[in-house]
Amino acid sequence: MGFIGSGNIGRTLARLAVGAGHRVVLSNSRGPETLADTVEELGPRASAATSEEAAAAGDLVVVAVPLNAFPHLPAVPLAGKTVIDTCNYGPERDGHIPELDDNSRTSSELLSRYVPDALIVKAFNNIFFRHLLALPRPAGAADRSFLPIAGDSAPAKAAVTAFIDSIGYGVVDAGSLADSWRQETGTPVWGTPYGPYSNENGQPAGEGAIRAALATATR
């Protein structure tokens, strides 16, 4: 797995991936040398590289960056790759993007403009990183939590579903990239089902709770 962006969500996903037996190649905007401590902590299944190298290395590639970094993503090595988009729009950080402000496009559809040949699946953007780390459960567990995903490619969704299952979560298919607004910032499925940030252990959110939250989203 390649990681473009190694902030809280990126590092947490890398930790869960390594724990599930995956190899990870991490990158950030500051260079591989700044990830030495993270790589050492994650162990021999982890390495650091440039974003281009991480994109080329991964069968799955996680993009976990601010939206204002989209123009700098390595589009060529991401062509044909399944890309997990974990990003959220924050105007105070990203600047105002008119087509997101007026709801004419989702943030994942915006990403597809910059990596047009990637197979994008929206996932992991709706859960606090500490809850993501605390809530994995084995398949079949009564308290297993579910995560929504959205995308336009059935094979890419299947690959992401298999990965999510491997790290201890179930999946609810939330539709296409055009439908991914239902899991964007401020919607009912964004954060709330997994409990308050003040509770770092989170609370399990089953399939029914996630489907209900998606169904009640409004634009």
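Details
- Separation in nanometres of the label points that stand 7 Å from Cα toward Cβ, at ARG30 and THR218: 4.3
- Using the Cβ-Cβ distance between ALA141 and GLN203 with R0 = 25 Å, the FRET efficiency computed as 1/(1 + (r/R0)^6) comes to roughly 0.95.
- When you count the other C-beta atoms within 10 angstrom of each residue and take the mean per peptide, 207-218, 159-170, 78-89, 100-111 line up highest first as 78-89, 159-170, 100-111, 207-218.
- Region 98-190: C-alpha pair distances exceeding 22 Å, %: 29
- Phi angles across region 213-218 convert, under the Karplus curve 6.51 cos²θ - 1.76 cosθ + 1.60 with θ = phi - 60°, into 3J(HN,Hα) values of 5, 4, 5, 8, 5, 10 Hz, Gly and Pro given as x.
- Spacing of the modelled spin labels on HIS72 and ASP37, each 7 Å from Cα toward Cβ, amounts to 2.1 nm.
- Charge dipole of the chain about the Cα centre (unit charges at C-beta), most positive-ward option of THR106, GLY168, PRO74: GLY168
- Karplus-based coupling profile of region 174-191, in residue order and whole Hz: 9, x, 8, 4, 5, 8, 5, 4, 5, 10, 7, 3, x, 7, x, 8, 7, x, with θ = phi - 60° in 6.51 cos²θ - 1.76 cosθ + 1.60 and x standing for Gly or Pro.
- Relative packing of peptides 197-203, 60-66 - highest average C-beta neighbours within 10 Å first: 60-66, 197-203
- The local environment of ARG182, defined by Cβ-Cβ distances under 12 Å, has a net charge of 0 under the rule Lys, Arg +1 and Asp, Glu -1.
- Over the chain, DSSP H runs of length four or greater, each weighted -39,500 (n - 2.57), average out per residue to a 222 nm ellipticity of -8500 deg cm²/dmol.
- Column: log10 I(q)/I(0), Debye, Cα scatterers of region 74-116, q = 0.28, 0.29 Å⁻¹: -1.04, -1.08
- Taking θ as phi - 60° and the Karplus parameters 6.51, -1.76 and 1.60, the scalar couplings of region 150-155 work out to 9, x, 9, 10, 4, x Hz in sequence order, x denoting glycine and proline.
- Part-to-part distance (alpha-carbon centres) for region 80-132 and region 181-213, which is given in Å: 18
- Dipole in debye (nearest 20) - the chain, about Cα centre, beta carbon charges: Lys, Arg +1; Asp, Glu -1: 400
- Long-range HN-HN contacts of VAL62 with modeled amide H, under 5 Å: GLY2, PHE3, ILE4, ILE84
Any read-out appearing in this document is the output of simple, stated calculations on the displayed coordinates, not a laboratory observation. None of these values were measured; they are calculated from a predicted model. In this analysis, Cβ positions are derived from the backbone assuming ideal geometry, glycine residues included, and neighbour counts consider all displayed protein chains.
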